[in-house]
């Protein structure tokens, strides 16, 4: 009940402050008194992005790293395993894997089939196990057993795409990056911050709208918001703290 009251008061405050200043609010908060138009049509995209960032900061002033890891190598493996798998499931599986091998030196001592059996609950285990074994060899052969600190080198590793590399660069090395997962891609489209054509375009659009120094925290805030308030299914935009203000007419 406390959260509901908070969001209602937040919504009133935000609409009043940003959409219809110096006017009394009518019962329908999605429309301005003057022209009965959606607030989205009366705001520039940059203003909307700034306001969304403020809402997210109020909701999630602190954001934990969703995946459990010990070092950059175990982070890399955990992110690789998270493809088409929940972070919760990955965090259930990785303790068993890392108990056997938490370094590339130890990982190459395991057979690919042994890795596959351990990571099977994460899905796509045949492909992921080969990638884990293969990238561990490459790290030893080309990078002295260390995870490379560059997008180019990371994306050359088996099973590592741009999103995985972005997470490692962001969470592992602290470099500004904006990893776009399914939650971020979906929400950026719902909030009309991107066309939603593909994740590459979504990343470009979001990077243009938000300051570079906010990327590492903001992408996690959007992920947590998507899971808690803006799911893919069963979503009611009328009660969503952001979609109720800035959501597209068709989701």
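Read-outs throughout are calculated quantities, based only on the coordinates presented, and are distinct from any laboratory measurement. Remember, predicted model here, so these are calculated numbers, not experimental data. Reconstructed Cβ throughout: ideal geometry from the backbone, glycine too, with neighbour counts over all protein chains shown.
Observations on the structure shown:
- Efficiency of FRET between residue 45 and residue 151 - r from beta-carbon atoms, R0 22 angstrom, step 0.05: 0.25
- Pair residue 130, residue 100: separation of 7 Å Cα→Cβ label points (nm): 1.9 nm
- Stretchable slack from residue 182 to residue 232, in nm (0.36 nm times residue separation minus alpha-carbon distance): 17.1 nm
- Kirkwood Rh in Å, taken over region 72-172 so that all alpha-carbon pairs contribute: 13.2 Å
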